[in-house]
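Just so you know, all these numbers are worked out from the coordinates, no wet-lab data involved. Everything quoted here is computed from the prediction, not taken from an experiment. Note: ideal-geometry Cβ built from the backbone for every residue, glycine included; neighbour counts use all protein chains shown.
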Amino acid sequence: MEEKEEIYQTKRIVIPEAEEVLGKEFKCLDHGFVRLIDYMGGDSSIVQAARVSYGKGTKKLSEDRGLIRYLMRHKHTTPFEMVEMKWHVKMPIFVARQWVRHRTAKINEYSLRFSEARDEFYIPKLGEVRFQSVTSRQGSEEIEVPQDIAQMVIDFISSSSRTTFSMYNVMIKNKIARELSRIGLTLNLYTEWYWKNDLHNTLHFLGLRMDKKHPQYEIRVYAEAMADIVKKVSPFAYEAFEDYVLNGMSLSSIEVDALKKIISGENLEEVIKRIENKRERLEFEGKLKRLI
């Protein structure tokens, strides 16, 4: 009977660290923010769900942290879905359109059909103007953009934002439907939404959007702010995520085979050359740099 009482807890979990940040705005970019509105569960919820699923077989992993790390290592994702978080986020529209690619969440967004737009536009700073990547169609280079060119870009974005918003107001004053008036507004206009997701899929979002090379800078800012809050809701789970996912590494069978040959003494450059696909070859070289 005592065993059941431990496994089938019914009392709502309250996490003091999460309560401290609940409802607080964490600034992102120039006008944006992210804040945790509500949460359900934490590390103990993950452990509780796992022990219901696996029963007494997991009692040898009595330490919660050890069990959570085991679940993360072996990709037992369902227990992590027992934790949920609801966020209020304010971001530029172009960031929202990248964000919405993560389809597991429940979203309710500020509607420009029902409400009027607000005069808030994301204007990048000098250091945030970037050149197009020469190796990726969807990325940017870390090479510094000359200040005069960067300023030209900023001036253009700022000017076009003011112009389109001025014309939007003219249409609104002339009783043009909001659903039509909005279509000329630029993608750097701020929107906001409520975004609710479980911990497993939130960590998946963070894993993709906190990567230092691939995601756009602007969405990475939001992911990093959210990560600091997730740590407070489920610190053991986030620690395991950092160790095994965010800072971890996966190897394909081709890469494992190449690594075996390098360890056995074969010439590193020759082994790399034999990987036929150029992109896979470059990715393997990147992994080797992290390992060596």
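Run the helix sum for the chain: -39,500 (n - 2.57) per DSSP H stretch of 4+ residues, divided by residue count, reported at 222 nm to the nearest 500 deg cm²/dmol.
Rounded to the nearest 500, it is -14000 deg cm²/dmol.
Sequence-distant or interchain residues sharing an amide H contact under 5 Å with CYS28, placed H: which?
Result for CYS28 returns PHE33, VAL34.
Mind checking which aspartates and glutamates have their Cα closer than 13 Å to the Cα of LYS273? Skip sequence neighbours fewer than 8 apart in that chain.
GLU255, GLU283, GLU285
Quick one: dipole size for segment 113-188, taken about the Cα centre, charges +1 on Lys/Arg Cβ and -1 on Asp/Glu Cβ, in debye to the nearest 20.
600 debye
Among PHE80, PHE156, what is the fewest-to-most ranking by other Cβ atoms within 10 Å?
Exposure proxy ranking, most exposed first: PHE156, PHE80.
Using Cβ contacts closer than 10 Å as the measure, can you line up ILE263, ILE254 from fewest to most?
Result, fewest neighbours first: ILE263, ILE254.
Straight-line reach from LYS175: which aspartates and glutamates have a Cα under 13 Å away, not including same-chain ones fewer than 8 places off?
GLU116
Could you list LYS232, LYS212, LYS287, LYS260 so that the one with the fewest beta carbons within 10 Å of its beta carbon is first and the one with the most is last?
The order, fewest Cβ neighbours first, is LYS212, LYS260, LYS287, LYS232.
Going down the list LYS27/LYS212; LYS90/LYS125; LYS27/LYS106; LYS232/LYS260; LYS86/LYS287, which pairs span over 29 Å between their C-alpha atoms?
Those over the limit are LYS232/LYS260; LYS86/LYS287.
Which label belongs to the value computed from this structure, given these candidates for Cα Rg over 2.2 N^0.38 Å: (i) 1.24; (ii) 1.16; (iii) 1.08?
(i)
Based on the alpha carbons, how large is the Rg to Rh ratio for segment 141-231 when Rh follows Kirkwood?
Computed over Cα atoms, the ratio is 1.10.
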